[in-house]
Amino acid sequence: MTIYDTASKTKRAFEPITPGKATLYVCGPTVYDDAHLGHAKSALVFDLLVRTLEANGLDVTFARNITDIDDKIVKKLAEQGASLKELTEFYTDAYHRDMDALGVRRPDIEPKATESMEEMISLITTLIKKGHAYKTQEGDVYFDTQKDEKYLSISHRSQETDETQSRIKENGFKKHPADFALWKHFDEGIRYETPFSSGRPGWHTECAAMIEKHLAVEGKYAIDIHGGGADLLFPHHENEAAQHRCAKGQELAKYWMHNGFVNIDGEKMSKSLGNSFFVKDALLSYHGEVLRFYLLSTHYRSDFNFNEIDLLSAKKRLDKLYRLKKRLFGMAESDEKTPFQTQLLEALSDDLNISKGLSLLDEMISHANEAMDANPKDKIAKRQAQSNLAYVQRLLGFGEQNPFEYFQFGIAPQVKATIEELIEKRSLAKAAKDFASSDLIRDELLALDISIMDTAEGTFWEKH
RNA sequence: GGCGCCAUCGCCAAGUGGUAAGGCCGGAGCCUGCAAAGCUCCUACCCCCAGUUCGAAUCUGGGUGGCGCCUCCA
């Protein structure tokens, strides 16, 4: 398996620290608002990574954190008058609901910042002790970037020029403009008591502390893979890595992975764009698996331009998988691993080449249909196809739904009853060779956005 | 200003030195009472210019056009 590593800027063979195992840490959401499509993309990408690692026989330990204390949360608390716990639990639940709908498997460990305070304080204390961090007279603690030779080795930035520096004068107590806050002193609001001052941790500290607490091993690297959105590369990941390096004398991660951005209709996502921004809104109009398929259909490192036209085109592609699933309904699967399965895993194992994988999937579906068209009783072909679908479901997370229910997404129960009545009436007309009436009923159904298909097993319908 | 990414069929999107995957849309056909679905067939000299090479979408240089990070951000 190969992985593109941002730090070395190359695609490298994945060689886990401990043979047979893989540790993965991904930066999760800050829970002060609903999850947007960018959160979804990131969660989906790393869900696919976990599945691919597992399919390669690795025992994966996957942690994704919840940031449940930071300035944005505190600000929202003040606006809403809620307690910290109420607010963060509300949005954590919402996040779980949305990601579940997208078929994203829950991480093995989901550490929370508020539950990792001891580890953060201990990390900061170590950094102060080792001379890598300093306390200002205001009670803040800063990381001394100038004392870390390898600072910026992950993101490959150059130290800022004097001219740029002069523009940054936010804090006169910092020794160097690039130094970042490990601890911010506060006299009021939500704060924690520490030996250095009462206050709150800086954002970059929590991930470093949680990795150390939950995943780290001795040696050159603490964990195998660290992932997150491309925007986190700098400063977030660079700063996490610097803290860990200076405190523990080892690199934080062996491989760094960053997923591209999601834009909406060519624009960077912003709240002013409205509805399509949040996952929960997209889920009102589209099945979660359609969104999953669409968001995963482009390579993870590319920027993704979300728009409804492409989403519909992705849906049509997924529909074909479900039509095959319908066609194979109730059929047993064969045990053997087919060439398709081998090739699909190979494609995904090449830095998650999903496009290659989906082209293989399309071909597999066509071949299965072709075989069944040629010989509807070909049980071997059917069992193999069923086995292929099961493999796709496990590796890609496509095809989790009952195929009949999938095509009924967005249909209210009363409407469903009406549809089925109409189909019943049409079948009677058809049996009586009254095609004028049966075609009229079909037009009625079409007006409801329902397509019907007559098969040997009866008349099926789909909502479009 | 600093650093970096991208440009492949109408649309989405792989391929990164050996002569262009796949999907959507469109066209023709098979099947069907007619449809739908499914199947078959058809549609690209890879932004421009120069260079390296037996050979380049793929490497190098220069353009042009998009975009990102550097402040909170997935």
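Only helical runs count toward this figure. For chain A, summing -39,500 (n - 2.57) over DSSP H runs of n ≥ 4 and dividing by all residues gives -14500 deg cm²/dmol at 222 nm.
Its Cα centre serving as origin, chain A has a Cβ charge dipole (Lys and Arg +1, Asp and Glu -1) of approximately 660 debye.
Diffusion coefficient (Stokes-Einstein, Kirkwood radius over C-alpha pairs, 4 °C, 1.567 mPa s) for the range A:264-405: 79 µm²/s, rounded to a whole number. Take the range A:95-242 with all the other protein chains still there, run a 1.4 Å probe, and you get 48 Å² of accessible area per residue. For the range A:377-448 versus the range A:219-294, the inter-centroid distance based on Cα atoms is 38 Å. For the range A:411-463, just list the percent of Cα-Cα distances falling in each 5 Å bin from zero outward, please. Pairs per bin, as whole percents: 5, 20, 34, 27, 12, 3, 0. For the set A:41/A:184; A:41/A:147; A:382/A:463; A:21/A:85; A:130/A:220; A:320/A:379, the pairs lying more than 28 angstrom apart at their alpha carbons are A:41/A:184; A:41/A:147; A:21/A:85.
Each peptide in A:450-459, A:224-233 gets a packing score, the mean of other Cβ atoms within 10 Å over its residues, and the list from highest to lowest is A:224-233, A:450-459.
Report, to the nearest whole %, how much of the accessible area of the range A:238-317 belongs to carbon and sulfur atoms, 1.4 Å probe, protein only. C and S atoms contribute 50 percent here. Listed by chain and number, the lysines whose C-alpha is less than 25 Å from the C-alpha of residue A:433, apart from same-chain residues fewer than 8 away, are A:425.
Principal-axis analysis of the Cα atoms of chain A puts helix A:84-101 at an angle of about 40° to the longest axis.
Between the beta carbons of residue A:100 and residue A:436, assuming R0 = 35 Å, the FRET efficiency works out to 0.15 to the nearest 0.05.
What the Cα atoms of the range A:2-259 give is an Rg and a Dmax of 18.3, 53 Å. Close amide H partners of residue A:22, meaning residues 5 or more places away or on another chain with modelled amide H under 5 Å apart, are A:59, A:60, A:61.
Between residue A:80 and residue A:10, the simple spin-label model (points 7 angstrom out along Cα→Cβ) gives 4.7 nm. Here the calculated FRET efficiency for residue A:21 and residue A:305, from their Cβ-Cβ distance with R0 = 35 Å, stands at 0.45, rounded to the nearest 0.05. Relative contact order of chain A, please, whole-number percent, based on alpha carbon pairs below 8 angstrom and at least 6 residues apart. So the answer I get is 16 percent. Placing R0 at 41 angstrom, the Cβ-Cβ distance between residue A:173 and residue A:109 gives a FRET efficiency of 0.70 after rounding to 0.05. Nonpolar atom fraction for the range A:411-463, defined as the carbon and sulfur part of the 1.4 Å probe accessible area, stands at 57 percent. Taking 0.36 nm per residue of separation and subtracting the current Cα-Cα distance, fully stretching the chain between residue A:457 and residue A:268 would add 63.3 nm. Angle of helix A:308-327 to the longest C-alpha principal axis of chain A, folded into 0 to 90 degrees and rounded to 10: 50°.
Over chain A, all Cα pairs binned in 20 Å intervals from 0 give whole-percent P(r) values of 21, 48, 23, 7, 0, listed from short to long. Does anything in the range A:414-447 have its amide N under 17 Å from the 7 Å Cα→Cβ label point of residue A:464, and if so which residues? Flagged as within label range: A:439-447.
The values are calculated or read from the model by the stated rules, or taken from the named source; none is laboratory data. Not measured: the values here are computed from a predicted model. Heads up, the Cβs are rebuilt from the backbone with ideal geometry, glycines too, and the neighbour counts pull from every protein chain shown. With ligands, DNA and RNA removed, areas are computed over all heavy atoms of the protein, side chains included. Shrake-Rupley method; radii C 1.70, N 1.55, O 1.52, S 1.80 Å.
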